[in-house]
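Heads up: the structure comes next, in structure tokens.
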Amino acid sequence: MSNSSSLTEFLLLAFVDTRELQLLHFSLFLGIYLAALLGNGLIITAIVCDHRLHTPMYFFLLSLSLLDLGTISTTVPKSMANSLWDTRAISYSGCAAQVFFFFFLFSAEYSLLTVMAYDRFVAICRPLHYGTLMGTRACVKMAAAAWASGFLNALLHTANTFSVPLCQGNTVDQFFCEVPQILKLSCSDSYLREVGLLVVSVCLAFGCFVFIVLSYVQIFTAVLRIPSEQGRHKAFSTCLPHLAVVCLFISTAFFAYLKPPSISSPALDLVVSVLYAVVPPAMNPLIYSMRNKELKDALKKLVQWVHCQHQ
């Protein structure tokens, strides 16, 4: 049996075995990855370049796009490279780095989505206090707190996970390195400390979830009291994209980690992991730009400017 001190690499789960399907997997992931890079890159550029978007809501959206770019870049390129070169290997240090960055970016994104729910709550339920509660300094502090909480969470979990002795081989039943799959390789009961930490993290995540739900209950109650249809439409247009992103993020992640063991299988785990690790970063820019007129106008101006520069 392998020991963690002598492990030099892990073997990731391959999507397919035949060469043709490996190249198809590479092509699909490349398309998704390029779509995520383009979509998030356009949103970041539009927000930075258009002074009308220099508001708290778009500041948090810019931060979300940066986190999405980081999340998808942590997992997808390595999986694409493995399919292209017909290998499953990832180095021990590469696996640890993947665990750290995925946990960091994923946790920070969830914290940021909670902050964004608070921003929408203040904008709609406490509009007269918005300038005070969501000033520049307050927004920077909240975004920094989201990133810092993700960093500390990732540091704690990565250090704990890779200090656990591993003696069940080196095959990870996932297309990227993640904590639950590595814990399956651990010896006896030595993984219980990390499981305890994961339980604490899940409880904190549930607390954020409750906060988001309560915020939106109050937001929709306030919106439905707005007398003008135009006012209600404008309020919904700023809230619904965020709510859709939250639902996509939470539903896929919760199903991945909390689904009953009886329905678990390598194939299902693989599909679910793609849904929560790959799809949201690619879909978020589309969700945010569909109903947001200000963002759509800024993106049109940006595309027109780029087009003029190439003529």
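Among the residues making up the stretch 117-128, those that are of a type outside the set (S, T, Y) and open to solvent by 40 Å² or more (accessible area, probe 1.4 Å) are R126, P127, L128. On the stretch given as the stretch 160-180, residues that are open to solvent by 10 Å² or more (accessible area, probe 1.4 Å), part of a helix (DSSP H, G or I) and modelled with pLDDT of 85 or more total 1.
Listed residues G135, G131; which is open to solvent by 40 Å² or more (accessible area, probe 1.4 Å) and either free of Cβ contacts under 8 Å to residues at least 60 places away in the same chain or out of contact with any helix residue (DSSP H, G or I) (no Cβ under 6 Å at 6 or more places or on another chain) (or both)?
When all the criteria are applied, what remains is G131.
Restricting the first member to the stretch 151-164 and to residues that are farther than 8 Å from F104 by Cα, and the second to residues that are at pLDDT 90 or above and surrounded by 20 or more Cβ atoms within 10 Å (Cβ to Cβ), the beta-carbon pairs closer than 6 Å and six or more apart or on different chains are H157/F103; T158/V99; T158/F100. Hey, among L21, L7, which residue is part of a helix (DSSP H, G or I), at pLDDT below 90, over 20 Å from A148 (Cα atoms) and more than 18 Å from the chain's Cα centre (by Cα)? Answer to the selection: L21.
The values are calculated or read from the model by the stated rules, or taken from the named source; none is laboratory data. All values reported here derive from a predicted model rather than from experimental measurement. Backbone-built Cβ (ideal geometry, glycine too); neighbour counts: all protein chains shown. The accessibility values were calculated without ligands, DNA or RNA, using every heavy atom of the protein model including side chains. Shrake-Rupley method; radii C 1.70, N 1.55, O 1.52, S 1.80 Å.
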